Every structure is written in C-alpha cells, then in structure tokens.
Ligand code: NAD
C-alpha cells in the first residue's frame, strides 16, 4: 500500500461530529479518538482532559482619563507532568475561560509532540487593547502579572506573547516579577534580545513550518524544489514560510493578507514582496502580480497550501474544490472536521497545527534554557536545534500514522497523549 493510499482508511466521523463547534469540543473529540486508539485507562483520560489549576483574577485599570475599569484575567494550567507549564498571554475582548482552557490544553499536546520538557498553560485578559495607550498597557500588564505571580515561576509556569502581546509586554512582565523575586529572565519567553530573548525567535514558527513541509514532501513523494505553494496570511508566520520555501526552490504562486492577495503563475518574487510589504503594509498591488481574493487562493492548483492566518478557513465546501497535494497548518485550527474528512477521502495529507506551528514554542524552550544558564546561542545553534527537533517530531508522527493507518492529526494526538500518560504513570501511579 502506498503512503498516500494509507491515508484512505481514515476513521470516518459519525453524524454527531457535525455538531462539534467549540475549540474545546473539537479538542476533546480529537483527544478521545487518540486515547481510544492507545486504550488509555478511563481514569487517566479524565486526568489528562481536565486542567490542573485555574486562576481567575480581577484586573483593575485606571485609564488615562481617570476612569477606573475592572477587567477579568485568567491563567489556566492544564498539565505539567513533563515539565513547567508553558503558554502565551492573550489580550483580546473574546478571551474567556473556555478559550483559555482550550488553548492551554493544546499547549500540553504541542510541547509533548516536539518532546520539549514543558507542559501546557494559557492566560489572557478580556479586553480590547487596541485603543489603550502605552502607559495603560504597561499598567494592565503589571497588574495582571502581580495577580498571577503566585502560580508562575521559571520552574513552574513560563508565559510568552500571544495575540496583542509582544516582546515589550514580556519585558514588563519580567520586570514586575523581578521586583518581588529578583532578576529572573527565564520567567517569560519572547523577550527583546537585549533582555535575554533568543536569536531566531521571530522566524521560528515559519522556519519550523518549512522543516515539517520538507519532511512531508519526502514522505509523500513531492519534489519541493519543483513544487508550487500558496499561503493565506503574510504576517509573521506566512511571510517567513514564504521566504524559506522560496529559498528551497519552491515557487510561491499566491499569498493573501487581510486586505486581499496577489498571484503570479510563474511564482512571486518573494524577496521583492517582503520589501514591498515593509513599505506598503499589504501585499495588495505588488508589481508584476494579478489580484486574488482570500476565497480564491485555496482553489489555486498547486502542490502545497499553507493557511497562515485564521482558524476555520478550510471548510468542507472549500476542501471539496481544492486541488493540492499537501496542507501545512501554520495557523491554529484552520481546518474544520468536515474538511478534514474530505482531505482524508481525497488522500491529501494534512500536517496538523500542533506539529506544524510548534517551531515557536520550541525556540521559546531554547530561550528559557539559555536564560537558566545565563548563556547565549548563535542563530546557527538555534536553527540547527530547531531543525533537529521539528524533523524528529515529524518523523515520530509520520511513523505512528503509518503503523496504525491513521491520519497525521490523529497520530500527533496519539503521540502526545502517550508521552504525557507515560510521564503521569511514572510520577503518580
Ligand atoms: P500576524 O498577525 O503576524 O499575521 C496574520 C496575517 O493574517 C496577516 O498577514 C493578516 O493580514 C492576515 N489576516 C488577518 N485576518 C485575515 C483575514 N480575514 N483574511 C486573510 N488574512 C487575514 O500573525 P502570525 O503570528 O503570523 O500568526 C498567524 C497564525 O499562526 C495564527 O493562526 C496564529 O495563531 C498562528 N501561530 C502563530 C505563531 C507565532 O509564533 N507567531 C505560533 C503558532 C501559531
């Protein structure tokens, strides 16, 4: 049986799965599929599904106009059996307990797949920070840090940037934590380089995505140097993915961003496009290209499709009209359950998000390790280690998929759950 044929025997979802909507429901569904495959004991299933600890805090903020408003913040620690909790901090109006819990759980599986010694956590504040001044952002960050101080620590729980938080926010968190505990750069990752941030962190997710694409191309018989790709999203992850794919000879036919997209049947000039975007803040209007919409980009005939913007964009309807050989989920959660089934049926392998975009957290691990040792790695050291980690993770997932005749996604969950379950048995049973 060929490798592509092996994907055919996908376990088909039952009718009830069409009613699965929330991120936590999807995660639980994927968890159960994998846990049943490895016959995980029911008590361990419950232990690994539920979070270890949840903290819900009040974050009062005195705005520049003198008004005091109360916001709600969360830090949810899902699992730390393989190492300290790890996960980002998100400032967004949609943040709530369910979202944070789903993201915390996802981090446990992500860190286990790339086999780095961390567990999973996530945090956030329910606030729209886009209209906050820098002074308000700093006060909000410091207030939140002091509230979650009692459960974070360089050997306990290490936050990082996420939606609407960045290196500057991490610098404030490190400073606030340091007031009480002394100089502790390893308390957060994603810091500015001058404060102990790691070389290679900004490129890490795109670079890691491309390492998994390289391995997938080998596994599924795609010659990357002659391949074509399209990428939705040209921000941090999408632009670096485009850059590294092009450097390997792959032609990037189309990219889009929130404002629209560009297409060139002979391949876009990516170095020139990167310069254009720096100036224009959008890909739209790039000389020597034709316009393409965010809907149309997925229907482009090509070898590799990389969603690198939003969740839920690859629906069943979209999947049925696509004409590609590989999907690399650089974005979180871009594929609906229905689309996943279509891809299986059509023998289109999907590198799942929890593997594909784990390069970021992997380099966060390198940052933490450097901080603990008060030592600096070069770009080359970071990239070599990232390459080893991502390629090994792909191989582990792929081997498991082949062995059990399952999708890469189910294999990724199976691998992660198995690793966390093994550590749990050794520590507590
Ligand atoms: P970013 O903000 O730098 O870039 C997002 C890109 O998506 C931009 O080009 C933006 O214009 C585009 N976009 C936004 N809304 C869009 C829409 N409606 N239609 C089409 N394009 C749209 O974000 P990023 O850091 O590159 O993250 C991209 C994805 O990768 C997200 O799903 C994120 O969760 C995931 N991810 C990022 C990292 C990381 O290290 N940055 C790590 C893991 C996963």
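Those helices (runs of 4 or more DSSP H) of region 1-67 in which 3 or more residues are modelled with pLDDT of 90 or more and not assigned by TED's automatic domain parsing to the domain that holds residue 125 occupy 23-37, 42-49. Of all the listed residues (77, 93, 33), the sole one being under 22 Å from the mean Cα position of the chain (by Cα) and buried (at least 20 other Cβ atoms within 10 Å of the Cβ) is 77.
Just wondering, is there one or more residues in region 203-219 that are over 28 Å from residue 401 (Cα atoms) and either surrounded by 18 or more Cβ atoms within 10 Å (Cβ to Cβ) or free of Cβ contacts under 8 Å to residues at least 40 places away in the same chain (or both)?
Taking region 203-219 as the starting set, the residues that turn out to be over 28 Å from residue 401 (Cα atoms) are 203.
Remaining after also requiring either surrounded by 18 or more Cβ atoms within 10 Å (Cβ to Cβ) or free of Cβ contacts under 8 Å to residues at least 40 places away in the same chain (or both): 203.
There is at least one residue in region 203-219 that is over 28 Å from residue 401 (Cα atoms) and either surrounded by 18 or more Cβ atoms within 10 Å (Cβ to Cβ) or free of Cβ contacts under 8 Å to residues at least 40 places away in the same chain (or both).
Inspect region 139-157 for any residue being assigned to a strand (DSSP E or B), buried (at least 21 other Cβ atoms within 10 Å of the Cβ) and either assigned by TED's automatic domain parsing to the domain that holds residue 56 or modelled with pLDDT of 95 or more (or both) and give the result as yes or no.
First pass over region 139-157, keeping only residues assigned to a strand (DSSP E or B): 153, 157.
Restricting the remaining residues to those that are buried (at least 21 other Cβ atoms within 10 Å of the Cβ) gives 157.
From what is left, the residues that are either assigned by TED's automatic domain parsing to the domain that holds residue 56 or modelled with pLDDT of 95 or more (or both) are 157.
Within region 139-157 (the criterion being assigned to a strand (DSSP E or B), buried (at least 21 other Cβ atoms within 10 Å of the Cβ) and either assigned by TED's automatic domain parsing to the domain that holds residue 56 or modelled with pLDDT of 95 or more (or both)), the answer is yes, since at least one residue qualifies.
Residue-level analysis places residue 293 among those that are exposed (fewer than 15 other Cβ atoms within 10 Å of the Cβ), touching a residue at least 24 places away in the same chain (Cβ under 8 Å) and within 12 Å of the ligand (Cβ to nearest atom). Among the residues examined, residue 277 qualifies as assigned by TED's automatic domain parsing to the domain that holds residue 223, farther than 17 Å from residue 349 by Cβ, part of a helix (DSSP H, G or I) and touching a residue at least 40 places away in the same chain (Cβ under 8 Å). Screening residue 406 on (1) outside any helix (DSSP H, G or I); (2) surrounded by fewer than 19 Cβ atoms within 10 Å (Cβ to Cβ) shows it passes everything except condition (2).
Given the criterion within 19 Å of residue 355 (Cβ to Cβ) and modelled with pLDDT under 95, identify the matching residue among 336, 315.
Values: 315 fails: within 19 Å of residue 355 (Cβ to Cβ).
Result of the check over 336, 315: 336.
Scoring residue 168 on the criteria (1) surrounded by fewer than 19 Cβ atoms within 10 Å (Cβ to Cβ); (2) within 16 Å of the ligand (Cβ to nearest atom); (3) closer than 30 Å to residue 262 by Cα; (4) modelled with pLDDT of 95 or more leaves a single failure, condition (3).
Checking each residue in region 339-364 for being touching a strand residue (DSSP E or B) at 6+ places or on another chain (Cβ under 7 Å), over 15 Å from residue 412 (Cβ atoms) and part of a loop (DSSP other than H, G, I, E, B) picks out only 348.
Taken over region 314-338, the criterion of being in contact with a helix residue (DSSP H, G or I) (Cβ under 8 Å, 6 or more places away or on another chain), part of a helix (DSSP H, G or I), more than 16 Å from the ligand (Cβ to nearest atom) and closer than 20 Å to residue 294 by Cβ is satisfied by 316, 319, 320, 321, 338. On the stretch given as region 305-331, residues that are touching a residue at least 40 places away in the same chain (Cβ under 8 Å), within 16 Å of the chain's Cα centre (by Cα) and buried (at least 18 other Cβ atoms within 10 Å of the Cβ) total 8. Selection of region 80-116 for residues being out of contact with any strand residue (DSSP E or B) (no Cβ under 6 Å at 6 or more places or on another chain) and part of a strand (DSSP E or B) yields only 92.
Take residue 180 and tell me if it is surrounded by fewer than 24 Cβ atoms within 10 Å (Cβ to Cβ), within 16 Å of the ligand (Cβ to nearest atom) and not in a loop (DSSP other than H, G, I, E, B). Spell out how you get there, then give the answer.
On the way: surrounded by fewer than 24 Cβ atoms within 10 Å (Cβ to Cβ): yes; within 16 Å of the ligand (Cβ to nearest atom): no; not in a loop (DSSP other than H, G, I, E, B): yes.
No.
Would you check if residue 393 is part of a helix (DSSP H, G or I), more than 19 Å from residue 326 (Cα to Cα) and under 19 Å from the mean Cα position of the chain (by Cα)? In short, no.
The values are calculated or read from the model by the stated rules, or taken from the named source; none is laboratory data. For clarity, every value in this text was computed on a predicted model and none was experimentally measured. Note that each Cβ is placed from the backbone with ideal geometry, even for glycine, and that neighbours are counted across all protein chains shown.
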